[in-house]
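> Here it is, the structure, as structure tokens.
The values are calculated or read from the model by the stated rules, or taken from the named source; none is laboratory data. All values derive from a computational prediction rather than experimental measurement. Cβ sites come from the backbone with ideal geometry, for glycine too, and all protein chains shown count toward neighbours.
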Amino acid sequence: MQIPVPVLTYSFTLRVDLAAPIEMGAGRAGQRRIIPIIGGAALGPDIVGKVLNLGADWQTVFADGAVHLDTRYALETEDGAVIEVVNVGARHGSPEVIARLAAGEDVDPASYYMRTAARLETGDERYGWVNHTLFAGAGIRRASSVEIAFYKVE
């Protein structure tokens, strides 16, 4: 028997609006900061709705500029379901690209790496399938938001 090869199927894109970072200072592994999540949108086909003003990205910035992303927030679908999102990942690139991102510039997403792995959870039976699905994401960092395309790992 062969181990199955995972297949990615596009599910939805999130546009996540962010408040200004709260700098925590040096932690055990690098610079720590919290970036509040204040809204946004979920754009189908599988999930359509809004990102709630609830949650944050708890980041660790390493000496080489790479960032560990660790987020927890919630969506409300257009038909009233609430879905929790726990999304972890990595963002890195050349020092020049990272400096441009930090300055709030739009940078070609092909020039840096931003990938995530997400777990979604809900008690709403209409979306119960998310409780048993892993999601892989690819993202873009903007000045005051991120956009992440989520793919079901099947």
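> Taking residue 70 as the residue in question, decide whether it is touching a residue at least 24 places away in the same chain (Cβ under 8 Å), at negative phi and either touching a strand residue (DSSP E or B) at 6+ places or on another chain (Cβ under 9 Å) or not in a strand (DSSP E or B) (or both).
no
> From the residues in region 3-31 that are out of contact with any Asp or Glu (no Cβ under 8 Å at 6 or more places or on another chain) and assigned to a strand (DSSP E or B), which one is farthest from residue 92 (Cα to Cα)?
10
> On to the next question. Give just the number: which of (1) modelled with pLDDT of 95 or more; (2) exposed (fewer than 13 other Cβ atoms within 10 Å of the Cβ); (3) not polar (S, T, N, Q) does residue 29 not satisfy?
Answer for residue 29: the failing condition is (1).
> Pull up region 8-21, narrow it to residues that are farther than 17 Å from residue 101 by Cα and among the β-branched types (Val, Ile, Thr), then point me to the one that is surrounded by the most Cβ atoms within 10 Å (Cβ to Cβ).
Only one residue fits best here, namely 13.
> Suppose we filter 130, 107, 97, 88 for residues that are among the β-branched types (Val, Ile, Thr) and part of a strand (DSSP E or B); which single one remains?
Selected residue: 88, the only one of 130, 107, 97, 88 that is among the β-branched types (Val, Ile, Thr) and part of a strand (DSSP E or B).
> Which ones in region 1-38 are within 19 Å of residue 141 (Cα to Cα) and over 13 Å from the mean Cα position of the chain (by Cα)?
Residues satisfying the conditions are 19, 20, 21, 22, 23, 31, 32, 33, 34, 38.
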